[in-house]
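Notes follow once the structure below has been shown.
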Amino acid sequence: MFCVQCEHTIRTPQGDAGCTFARGMCGKTSEVSDLQDMLVHLLQAVSTYAVAARKVGVVDAEIDAYVPQAFFSTLTNVNFDAERIIDFSRRADHYRNDLRARYEAACAAQGIVAETLPAAAHYRLPDAKTVMLSDALSFALNRQKKDVGEDVIGLRLLSLYGLKGAAAYMEHARVLGQTDSEVAGRFHEIMAFLGTQPADAGALFQCAMDIGTLNYRIMEMLDKGETETFGHPEPTRVNTQPIKGRAIVVSGHDLHDLELILQQTEGKDINVYTHGEMLPAHAYPAFKKYKHLVGNYGTAWQNQQKEFAAFPGSIVMTSNCIIDPNLGQYGARIFTRSIVGWPGVTHIDGNDFTPAIEAALAQPGFATDAAPVYTTTGFARNALMGAAPAVIDQVKAGNIRHFFLVGGCDGDKRERSYYTDLVAAAPKDALILTLACGKFRFNTMDLGDINGIPRLLDIGQCNDAYSAIQLALALADAFGCGVNDLPLSLVLSWFEQKAIVILLTLLSLGIKDIRVGPTAPGFLTPNLIATLNREFGLRLISTVEDDLRDMLAA
Ligand code: FS2
Ligand code: SF4
């Protein structure tokens, strides 16, 4: 087992990083980790054939959708079920064989000599799991470290993990009807390129930037899918405390699943709560008609074992992040969807949520109403653009001095209190934009307003990073300067691979001086960190006092 993709990876006092023993910090077993390496290898083989096949006019939308979807299952806190990873691999093997046959037939029909593709593209999935696991050792992501050096491995992982994040956003967009053959083609090209185990540092660095550029387009598609399906989010106050009655809590990012659950629970006397990254759903006009969508329950992913154990209803995980449900003994009333999996947990395929509804009805629900505590969400692209003229006036009048984007993932490291402290210590004439699950550290704070403009603006999920970029571009346009010249500081918290790709997206747009924390990715070597600092001014967070002083001075 070798996995170093998330912020919780094991680090030794000698500075080595990576989960390499029987189980990762997230609970992923070495078996699942190795099988995921094998799945990635097979998906790269599918993409290699997809690239070749496109050249002779063979394009398959089903396979284009499948590769990012299956790749998504290998992100942190998504799928811990070895049998599901093997199923994904079998389907990948089938798709590669199918594409190969169609590619060779098209070549023959067109009188073209079929390309000789790399040996890796021909890897045949064995039948027995024991053989899969022994094969997987040769797919370990650090296997060539001695030959190519740790900087090249670090750049490969930056690209691979960034592409995982992009794959997740492609799948989120696809669920909402947004696909694009050009985007899929580019995605396959990058998958195939990484499958060649490239060792040219310059080409790998460029690959990382290309992934950022591709992801900007994917996030635009996702934004379109969300807003065309559910309307533009509107600033909305959300109760974060329980209401008396039976309950289902819906976690993850998939708004389509939330809609299905709301439709199927209507009139059944079940209250529906959002959790974690689902909180911003309350702001979409399409969900406001559901009176039984009563509020948000709980906070960020790392607190779920305690929070779900205390939740007297059923739980649906529509995407990341799931962690071990057995610890809190709620394994029988949690349900997974799509790419999410946990061994022994009921997986709901299709659009019928009856198992989750019945589990909710079998639970006692909340006995009483708790005193409400509110948070406000819904400051996505449209709302921000609507507020932009007022914001610009307040900047010109000297009432708004600075903007902070404090966004990203949460996690359980103590150092993450930095983000709470930063928001609390930001000067009163600063606006704070936030997104993703890191906001639970401060989203019930009352930061007041600046002449009617709330100081804390929750843009939405990590999926809504596109909205933040649009606001920055609009402000730069209004002030006739570049984004880097705005009084805007980006302070990101990272945990998993969606955050990696958002960072690559920002870098590919030329955005500089971003601060990232709480620690540097374990796969980045000191050389690579120095390069990113030199090229983009990217740096780690330090202390709230020092960072605030520097950001405000800049
Ligand atoms: Fe939070 Fe987890 Fe959004 Fe990440 S719920 S860290 O996967 O995707 O942000
Ligand atoms: Fe370790 Fe993170 Fe990989 Fe889990 S996802 S095995 S915690 S590096």
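The values are calculated or read from the model by the stated rules, or taken from the named source; none is laboratory data. All of these numbers come straight from a predicted model, not from anything done at the bench. Neighbour counts run over all protein chains shown; Cβ positions are idealised from the backbone, glycine included. For the accessible areas, the whole protein counts, side chains as well, though only heavy atoms, and no ligand, DNA or RNA atoms are used. Shrake-Rupley method; radii C 1.70, N 1.55, O 1.52, S 1.80 Å.
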F404 within 21 Å of L552 (Cα to Cα), open to solvent by less than 10 Å² (accessible area, probe 1.4 Å) and modelled with pLDDT of 95 or more: yes
Hits in the range 340-388 - residues which are assigned to a helix (DSSP H, G or I) and open to solvent by 50 Å² or more (accessible area, probe 1.4 Å): T354, P355, E358, L361, R381, N382, M385, G386
Residues located in the range 23-40, provided they are open to solvent by 10 Å² or more (accessible area, probe 1.4 Å), of a type in the set (S, T, N, Q) and either within 16 Å of ligand 1 (Cβ to nearest atom) or over 10 Å from F2 (Cα atoms) (or both): T29
Test: residue in the range 12-22 that is open to solvent by less than 20 Å² (accessible area, probe 1.4 Å) and either within 16 Å of ligand 1 (Cβ to nearest atom) or under 11 Å from I85 (Cβ atoms) (or both): no
Number of the exception - V56 against (1) more than 14 Å from ligand 2 (Cβ to nearest atom); (2) farther than 20 Å from R156 by Cα; (3) surrounded by 20 or more Cβ atoms within 10 Å (Cβ to Cβ): (3)
Of all residues in the range 492-550 being under 28 Å from H253 (Cα atoms) and among the hydroxyl-bearing types (S, T, Y), the one that is farthest from ligand 2 (Cβ to nearest atom): S508
Matching residues, the range 254-302, being among the polar types (S, T, N, Q) and touching a residue at least 60 places away in the same chain (Cβ under 8 Å): Q264, T265, N271, N296, T299, Q302
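This table checks each residue for (1) modelled with pLDDT of 95 or more; (2) away from ligand 1 (no atom under 16 Å from the Cβ); (3) open to solvent by 20 Å² or more (accessible area, probe 1.4 Å).
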| position | (1), (2), (3) |
| --- | --- |
| F80 | yes, no, no |
| R90 | yes, yes, yes |
| R100 | yes, yes, yes |
| A108 | yes, yes, yes |
| E115 | yes, yes, yes |
| K129 | yes, yes, yes |
| D135 | yes, yes, yes |
| L155 | yes, yes, no |
| L163 | yes, no, no |
Residues of the range 24-54 that turn out to be without any contact (Cβ under 8 Å) to a residue 60 or more places away in the chain and either among the acidic types (D, E) or out of contact with any helix residue (DSSP H, G or I) (no Cβ under 7 Å at 6 or more places or on another chain) (or both), as a count: 5
Spans of strands (runs of 3 or more DSSP E) in the range 394-482 with at least 3 residues touching a residue at least 24 places away in the same chain (Cβ under 8 Å) and in contact with a Ser or Thr (Cβ under 7 Å, 6 or more places away or on another chain): 402-408, 456-460
Qualifying residue in the range 139-146 (condition: in contact (Cβ under 8 Å) with a residue 24 or more places away in the chain and surrounded by 19 or more Cβ atoms within 10 Å (Cβ to Cβ)): yes
Options I248, I270; residue that is more than 17 Å from K289 (Cα to Cα), open to solvent by less than 20 Å² (accessible area, probe 1.4 Å) and β-branched (V, I, T): I248
